[in-house]
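Peer 1: The structure's right below; bear with me while I get my questions together.
The values are calculated or read from the model by the stated rules, or taken from the named source; none is laboratory data. Just so it is clear, the model here is predicted, and its values are computed rather than measured. Using ideal geometry, Cβ is built from the backbone for each residue, glycine included, and neighbour counts are taken over all protein chains shown.
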Ligand code: HEC
């Protein structure tokens, strides 16, 4: 074991020396030990620092309507997810509704849908949507998936946490925290 450790130390030393002799620019060794990259800005960290729990803890203030979400969807999402949320096989994008394993059927709780879209979408500008815009988009998706009725009041933290997802009872906890869907409710498979 000690042989392995000293071997590793030697390999690291050699790698460090190779780095020095290659003339790679190492201007500020303290802040940029590898000579490339940069520190994330506070704004970039804040954009990715979205941590919404399954029960709604972590949902921000704000609200949005499905009608506003429909407009946003056309402008910011439809190019990849399809005009009718049908997906795009050429881009490897699955349908958002209407498919047996679409985003809504695949989640036992609704709040993570907010967290995911807020952090990761649109894929070409992740983190660029405001909280109100994400509430509007989630309201639109839930309406199109038949989970919320058309014309319901704006979606906010309280109403999103209260949403009953179609496959809520079809997930179960195994030994760990793993959840699984044994089957999909047939009524939830139609948009
Ligand atoms: C540049 C292409 C692109 C754009 C624009 C885009 N997405 Fe996506 N989205 C993807 C890809 C690729 C995936 C991952 C593949 C998949 O799950 O189908 C994905 C996944 C998702 C998922 C998870 C799907 C699932 O089945 O779990 C949701 C929800 C989603 N996107 C919502 C949105 C919303 C809302 C917008 C608009 C604000 C948006 N996306 C814009 C490409 C895009």
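Peer 1: Based on this model, can you work out whether residue 71 counts as near the ligand (Cβ under 8 Å from one of its atoms) and modelled with pLDDT of 90 or more?
Peer 2: Judged against the criteria, residue 71 is not a match.
Peer 1: Taking into account only those residues within the stretch 86-111 that are within 9 Å of the ligand (Cβ to nearest atom) and closer than 23 Å to residue 153 by Cβ, which is nearest to the chain's Cα centre (by Cα)?
Peer 2: 103
Peer 1: Next question. In contact (Cβ under 8 Å) with a residue 60 or more places away in the chain and either away from the ligand (no atom under 12 Å from the Cβ) or under 17 Å from the mean Cα position of the chain (by Cα) (or both): which single residue out of 65, 53 fits that description?
Peer 2: That would be 65, the only listed residue that is in contact (Cβ under 8 Å) with a residue 60 or more places away in the chain and either away from the ligand (no atom under 12 Å from the Cβ) or under 17 Å from the mean Cα position of the chain (by Cα) (or both).
Peer 1: So, one more: Any residue that is out of contact with any helix residue (DSSP H, G or I) (no Cβ under 6 Å at 6 or more places or on another chain), within 25 Å of residue 86 (Cβ to Cβ) and modelled with pLDDT under 90 - is there at least one of those in the stretch 132-143?
Peer 2: No - not one qualifying residue is present in the stretch 132-143.
Peer 1: State the number of residues belonging to the stretch 73-124 that are touching a strand residue (DSSP E or B) at 6+ places or on another chain (Cβ under 7 Å) and farther than 16 Å from residue 138 by Cβ.
Peer 2: 3
Peer 1: Please tell me if residue 127 is more than 6 Å from the ligand (Cβ to nearest atom) and in contact with a helix residue (DSSP H, G or I) (Cβ under 7 Å, 6 or more places away or on another chain).
Peer 2: Here the answer is yes, as residue 127 does meet what is asked.
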